[in-house]
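Just below is one structure, and these are the notes that go with it.
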């Protein structure tokens, strides 16, 4: 069993020409879910992680079991207006238009080592916006973990240029 | 440490007069996350669960670590148009208007014993709609698990009238 073989490709979703990489087929498989979490755990268990941050909403799917397994807390980062208490936000550019991510202001303590988790890295825009939020709260970015790296879209290069390291369980072309 | 003591109440969210029960303060606490998952695991471990279904998006936060701990797969139920492959949906009434939940048609095998998980049960409308989806796919509802039961809103009674059993980790008034 490889993780990559359990990921379904949905052609032309969410728009024509895009090959959507669907992790629901991976997560519904008992061994698929287990191996995904365990491989991320094995990679990050010695990174002295204090907290896992996951991005709405597919980042929740992998971030919470990983936090549980690491024995640390989990913090959600959400789109604008979705978190109930006081937040800090960060706007970032998309191919067309812009978007905003928010985090609760009391979600991270100064100096905590934080692991960012999401299902997928494409251009890295959402990841970098989220890392900016973590640092705004005084957190120290301890790493970034993804199930999928869409390699031709350059996310890894952008993260590494900013001094962040990342780990992904499998790679696809970014078509 | 009690689970209930780690849940934050945000007054007047999302609208005036509502006391929002915020689980992010529970999940960011390492012991809070651990005890939440472990108590649900302890309750359901002998229920012969084949699959966990969690409702977008706070149900993802507790459903995936529970599925991981149970050694089974996880299936997301989402709002309309959010799942990439072929879905079946169910419309249900809200206090004002209606809503729709969807599940991938290949998410559950006939006869599988399925556990529904969400952060909270209020009137039970979303839960019953989701249980209907599970049964449309031939799944057998093995139980429902929640962190919070808003007791005055009657969700438990509605579930039990339809023959479902539920378990919640703590109770609040539904004000």
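Read-outs throughout are calculated quantities, based only on the coordinates presented, and are distinct from any laboratory measurement. Quick caveat: nothing in here was measured; it's all calculated off a predicted structure. A quick note on method: Cβ atoms are made from the backbone with ideal geometry, for glycine too, and the neighbour counts reach across all protein chains shown.
Just to be sure I understand the model, the point goes 7 Å from the Cα along the line to the Cβ. What's the resulting residue B:9 to residue B:31 distance in nm?
It is 2.3 nm.
May I ask for the distance between the Cα centers of the range A:1-65 and the range B:125-164, given as a whole number of Å?
The range A:1-65 and the range B:125-164 have Cα centres spaced 27 Å from each other.
Å³ per residue of the Cα convex hull, for the range B:38-175?
Per residue, the Cα convex hull of the range B:38-175 comes to 100 Å³.
What ranking do B:27, A:83, A:153 get, fewest neighbouring Cβ atoms within 10 angstrom at the top?
Listing B:27, A:83, A:153 from fewest to most nearby Cβ atoms yields A:153, A:83, B:27.
Pick from A:114, A:55, A:18 the residue whose mean-square fluctuation is largest in a GNM of chain A, springs joining Cα atoms under 10 Å.
With Cα springs under 10 Å in chain A, the top fluctuation among A:114, A:55, A:18 is at A:18.
Please tell me the relative contact order of chain B in percent, rounded to the nearest whole number, where contacts are Cα pairs under 8 Å and at least six residues apart.
18 percent
From the helices alone, meaning DSSP H stretches of at least four residues, give me the mean residue ellipticity at 222 nm for the protein assembly as shown, per-run term -39500 (n - 2.57), in deg cm²/dmol to the nearest 500.
Counting only the DSSP helices, I get -8500 deg cm²/dmol.
Shortest first, in nm, what separates the label point of residue B:16 from those of the same position in the other copies (7 Å along Cα→Cβ)?
So the label point of residue B:16 gives 4.8 nm to the other copies.
Can you give the extra length, in nm with one decimal, that the chain gains between residue B:82 and residue B:16 once fully stretched, where that is 0.36 nm per residue apart less the Cα-Cα distance?
Fully extending the segment from residue B:82 to residue B:16 adds 20.9 nm.
Among A:52, B:75, A:141, which comes first, second and so on when ranked by fewest other beta-carbon atoms within 10 Å?
Fewest to most other Cβ atoms nearby, the residues stand as A:141, B:75, A:52.
Taking each residue in A:51-63, count the Cβ atoms of any other chain within 10 Å of its Cβ, then average. What number comes out? Could you put the intermediate results ahead of the total?
Details: counts 2, 3, 1, 3, 0, 3, 9, 3, 2, 12, 9, 3, 5.
Mean shielding by partner chains, rounded to a whole number: 4.
Along Cα→Cβ at 7 Å, what distances in nm separate the residue B:41 label point from those on the other copies, shortest first?
Label-point separations across copies, in nm and ascending: 0.8.
Quote the Stokes-Einstein diffusion coefficient, in whole µm² s⁻¹, for the protein assembly as shown, based on the Kirkwood radius over alpha carbon pairs, a temperature of 20 °C and a viscosity of 1.002 mPa s.
105 µm²/s
Evaluate E = 1/(1 + (r/R0)^6) for residue B:171 and residue B:105, where r is the Cβ-Cβ distance and R0 equals 45 Å; express this FRET efficiency to the nearest 0.05.
So the FRET efficiency works out to roughly 0.80.
What is the pair-distance distribution P(r) of the range B:41-97, computed from all Cα-Cα distances in 10 Å bins starting at 0, with each bin given as a whole percent?
Spelled out per bin, shortest first, that is 21, 42, 28, 9.
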